[in-house]
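Heads up, the thing below is written out as structure tokens.
The values are calculated or read from the model by the stated rules, or taken from the named source; none is laboratory data. Just so it is clear, the structure is predicted and the values come from calculations on it, not from any experiment. Don't worry about glycine lacking a Cβ; one is built from the backbone with ideal geometry, like all the others, and counts go over all protein chains shown.
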Amino acid sequence: MTHDRRTFLKAGIVGLGTACAGCTGGNSDTETTTGEPTTTGKSTTEESTTEPTSSVPDEPPRSASQFDPSDGFAEMAPWLDDDTPVFRVTEPTPRSFLKALAGDPGPRVVVFETSGTIDLEGMWISIQNPKVWIAGQTAPSPGITFVRGRFTIDTDDVIVQHIRVRPGDEGANGSADSMDSIQTRDGSRNNIVDHCSASWSTDEVLSVGYDTINTTVSNCLIAEPLEDSLHPKGPHGYSSLIGNNAENVTMAGNVYAHTTDRNPRLKEGTRSVQANNVIHYYEDGCWLDPNTQASIEGNHYRLPQSGEANIFGDGEAYIEDNLNEGDVPMVESGVSRLDERPLWPENLETLPSEETFDHNMANVGARPADRTEHDERILGLIQNGVGHVIDSQEEVGGYPELAENTHELDVPDSNLRAWLRQKALEVEQ
């Protein structure tokens, strides 16, 4: 991720606006669904159903994972109430998704009445209006995967859950040096990325922008960046960049796999928590730039591919109970060891590091109870102690074509937050 990305993103936004020409995104989509489920006519369409009515709990349930998305510094949709409009995505196309984001600015929940692969054809999704909850957990099996483009949170107070983003080498739109799979933009606040699967980037896989405040990345599968691909600087199989002066970043319960560098890189002036992440088959682990502060606890480092220490650089860190499954030092001498946590979210409780691997393998990524072939393949390699670095998605089977199933969602008139959390729990257990 580079600091001058605004220039590149503008080109992506223009392309998206063209794709959405004529979309109204009006409130008619908030109350009703179409009489007949809409599909694209592809042969992958399999079935149309009405979602079974299920009881909505009185209180929002927590995640199936130890690490709830509300456990970080970011507040989980304090703006949400039972009057928040619900917009429905009824077909797996950029137009249908963008229509749900379009119209007058204002809080909204985006739900999915379709599964399938949303082919962005080189366009870049940009969420620009604040107070949005993208609820991938509401899609029928096998859920939603975005391909050939990137997914950017360009504003504040956004939650993105249970989606997969796989740009690949056909999604760069002429800007391969700024194509993360998922990123939060510079200066954004209070954003959460939870239970997402991100891969096949040409820059970093999943990154947090410069000068951000209160960002949580939890239970995500961050894997298979394209190493020797399109980036103008050459090999670039990098995981995550936490941009300069990013404040209160929580990264908990994630799996980094099949990467070279930045697992993650904490750029100058950042303050972050790195808790109970798995880092599998990598060259460089957690890189601390000068003037960084971090709490690094309960992580599991396995299959390092270089002699570099797992935690290295020039920053300051409280480092406790990290499991080192490799013949490398845990901490480089240049890191200043702190005697106590410099920061920590009030609700976050760690697991012992020896429990991190099994826990994360069971809970990580989009829809852990309903995983797609690529997530199963990546996690299978990790489980079996195998690692690789790829240069193109074509080396591992290419872009997915998910079945396009539809269902009509029965969105309750009250207790919307509990319903969204219950839908997430159903695809996590």
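Quick notes on this structure:
- Looking only at the stretch 66-101, and only at residues there that are of a type in the set (Phe, Trp, Tyr), in contact with a strand residue (DSSP E or B) (Cβ under 6 Å, 6 or more places away or on another chain) and part of a loop (DSSP other than H, G, I, E, B), the one that is nearest to residue 249 (Cα to Cα): 73
- Taken over the stretch 234-274, the criterion of being among the charged types (D, E, K, R) and closer than 19 Å to residue 304 by Cα is satisfied by 261, 262, 265.
- Selected residue (only one of 142, 130, 92 is more than 24 Å from residue 208 (Cα to Cα) and within 18 Å of the chain's Cα centre (by Cα)): 142
- Check on residue 170, modelled with pLDDT under 95, surrounded by fewer than 24 Cβ atoms within 10 Å (Cβ to Cβ), out of contact with any helix residue (DSSP H, G or I) (no Cβ under 8 Å at 6 or more places or on another chain) and not aliphatic (A, V, I, L, M): yes
- Just one residue in the set 377, 337 is farther than 18 Å from residue 142 by Cα and of a type in the set (D, E, K, R); that residue is 337.
- Those helices (runs of 4 or more DSSP H) of the stretch 315-429 in which 2 or more residues are aliphatic (A, V, I, L, M) and in contact (Cβ under 8 Å) with a residue 60 or more places away in the chain occupy 373-383, 416-428.
- Test: residue in the stretch 213-232 that is of a type outside the set (A, V, I, L, M), out of contact with any Gly (no Cβ under 9 Å at 6 or more places or on another chain) and surrounded by fewer than 24 Cβ atoms within 10 Å (Cβ to Cβ): yes
The rows are residues; the columns are (1) part of a loop (DSSP other than H, G, I, E, B); (2) over 21 Å from residue 80 (Cα atoms).
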| residue | (1), (2) |
| --- | --- |
| 103 | yes, no |
| 109 | no, no |
| 122 | yes, yes |
| 133 | no, no |
| 142 | yes, yes |
| 146 | no, yes |
| 160 | no, no |
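- Just one of the numbered conditions (1) over 14 Å from residue 249 (Cβ atoms); (2) surrounded by fewer than 24 Cβ atoms within 10 Å (Cβ to Cβ); (3) touching a helix residue (DSSP H, G or I) at 6+ places or on another chain (Cβ under 8 Å) is not true of residue 186: (1).
- Residues within the stretch 93-115 that are of a type in the set (Lys, Arg) and closer than 16 Å to residue 416 by Cβ, tallied: 1
- Search result, residues across the stretch 262-296 that are more than 19 Å from the chain's Cα centre (by Cα), among the polar types (S, T, N, Q) and closer than 19 Å to residue 72 by Cβ: 270, 292, 293, 295
Yes or no, residue by residue, for (1) part of a loop (DSSP other than H, G, I, E, B); (2) out of contact with any Gly (no Cβ under 9 Å at 6 or more places or on another chain); (3) modelled with pLDDT of 95 or more:
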{"residue": "190", "(1), (2), (3)": "no, yes, yes"}
{"residue": "202", "(1), (2), (3)": "yes, no, no"}
{"residue": "210", "(1), (2), (3)": "yes, no, yes"}
{"residue": "248", "(1), (2), (3)": "no, no, yes"}
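- Of residues in the stretch 92-143 being of a type in the set (D, E, K, R) and at pLDDT below 95, the one surrounded by the most Cβ atoms within 10 Å (Cβ to Cβ): 121
- Among residues that are among the charged types (D, E, K, R), without any contact (Cβ under 8 Å) to a residue 60 or more places away in the chain, farther than 14 Å from residue 134 by Cα and surrounded by fewer than 22 Cβ atoms within 10 Å (Cβ to Cβ), residue 58 is not included.
- Pair list, Cβ < 8 Å and 6+ apart or interchain, from the stretch 253-266 residues that are at positive phi and in a strand (DSSP E or B) to residues that are buried (at least 24 other Cβ atoms within 10 Å of the Cβ) and charged (D, E, K, R): none
- Per the conditions (1) over 22 Å from the mean Cα position of the chain (by Cα); (2) at pLDDT 95 or above; (3) not aromatic (Phe, Trp, Tyr), the sole criterion not satisfied by residue 299 is (1).
- Residues that are touching a Lys or Arg at 6+ places or on another chain (Cβ under 6 Å) and farther than 15 Å from residue 266 by Cβ within the stretch 302-332 comprise just one, 325.
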